[in-house]
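Supplied in structure tokens, the structure appears directly below.
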Amino acid sequence: MSDVWAMGGEPALALNLVAFPPQLSAATLAEVLRGGAEVVRSAGAVIAGGHSIQDKEPKYGLCVVGFGEAGRLLTKGGARPDDGLWLTKPLGTGTVTTALKRGLATEGEVAAAVDSMKTLNRGAARAARAAGAKAATDVTGFGLLGHALEMAEASGVRFRLDWDALPFLPGAARLAADMVFPGGAFGNLEHFGPRLSRTRALSDAEATLLADPQTSGGLLASVPAAGERTFLATLELEGGRAWRIGEVAEGSGIEVR
């Protein structure tokens, strides 16, 4: 559903996509499907069917169809110089969930990551539209670095990110210092890193955090200066948060300062 909201639409229909080991009970699968249906319903959509296969690892996701007004869609190519760059969820789900698998994360760190992943992007998308934003994307598997670069290149602009303004989940910096990352983080950094300009010295851990793959990450929105107060006010009414992490400028690529 994040993809639909990132484009300025609203979800309408969802299909369950399930891979499930046969040795797990049908009751367990029923609970997974029940939880998915609850989230879909809370998002204002309905489950319209789905597809399932057997697999060694349990996996669950949704294929979502939504609708949006043509003149109010958010695209990756709509960022303009002098827009502010706003992020609506803290970063670090990749490193925290990897640490969980390795027995390295605390209960509090895992709880904070789960709470973040459970938060819908609906309010963030509505706030962006209310503020007159033209560009947004959800931050997921390519990490902040990859998705920000996609937006910058599609818009023909330069994104300037302020490292000290970036929000991170509890424990993310600690775990990153020990280079606890999923394999995708290193692949992202290898692919996108050469197009990253560093006007601030970054350690290997900090650079990899920028490329950390996110699960159910927030929106990265390019918000016009005149709409930033509306963006924050609307987001507050929706019960959300946001951090101004940089700005859009003339040029190309990504700069971290």
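The numbers here are math on the coordinates, done by the rules we state, and not lab data. Source: prediction; values computed, not measured. Quick reminder, even Gly has a Cβ in these numbers, built from the backbone with ideal geometry, and neighbours come from all protein chains shown.
I'd like the projected area of the range 2-67, averaged over all directions, using the convex hull of its alpha carbons. Report it in nm² with one decimal. Let's see the in-between values first.
Working: hull surface 17.5 nm².
With every direction weighted equally, the projected area is 4.4 nm².
Could you give the nm distance between label points at Arg200 and Leu29, where each point is 7 Å from its Cα heading toward the beta carbon?
4.9
When a footprinting reagent is the concern and you count Cβ atoms within 10 Å, what order do His51, His147 take, fewest first? Please report the intermediate quantities before stating the final value.
On the way: His51 10, His147 23.
Placing the least packed residue first, the sequence is His51, His147.
Give me the orientation-averaged projected area of the Cα convex hull of the chain, in nm², one decimal. If you can, show how the numbers build up before the last one.
Values: hull surface 55.7 nm².
Averaging across all directions leaves 13.9 nm² for the Cα convex hull.
So, one more: For the range 63-98, list residues with backbone N below 18 Å from a point placed 7 Å from the Cα of Leu15 toward its Cβ?
Residues passing the 18 Å test: 63-67.
A further question on this structure: How big is the Cα convex hull of the range 63-147 in projection, averaged over all directions, in nm²?
Mean shadow area of the hull around the Cα atoms is 7.2 nm².
Label point 7 Å out from Thr106 along Cα-to-Cβ: which residues of the range 160-193 have amide N under 13 Å?
Correct set: 170-175.
When the dipole is taken about the Cα centre of the chain, and only Lys, Arg (+1) and Asp, Glu (-1) are charged at their Cβ, what size is it in debye, to the nearest 20? Show your work: numbers first, answer last.
On the way: 25 positive and 28 negative charges, 53 e Å.
Dipole magnitude for the chain comes out near 260 debye.
Quick check on the range 125-257: of the DSSP beta bridges with both residues there, what percent are antiparallel, nearest 5%? Before the final figure, lay out each step's value.
Numbers: 8 of 15 bridges.
Percent antiparallel among DSSP bridges in the range 125-257 is about 55.
Let me ask something else. Which of Thr199, Thr88, Thr137 ends up with the largest GNM mean-square fluctuation for the chain, with Cα atoms connected below 10 Å?
Comparing Thr199, Thr88, Thr137 in the GNM, the peak value goes to Thr199.
Report the dimensions of the range 108-257 along its three principal axes from the alpha-carbon atoms, largest first, rounded to Å.
Principal-axis extents of the range 108-257 (Cα, largest first): 40, 40, 22 Å.
Give me the one-decimal nm value for the distance between modelled label points at Asp178 and Ser52, 7 Å along each residue's Cα-to-Cβ direction.
Here the answer is 3.8 nm between the modelled labels.
Do you know the relative contact order of the range 75-256, to the nearest whole percent, from alpha carbon pairs under 8 angstrom that are 6+ apart? Working shown, then result.
Details: 403 pairs, mean separation 86.6, N = 182.
For the range 75-256, the relative contact order is 48 percent.
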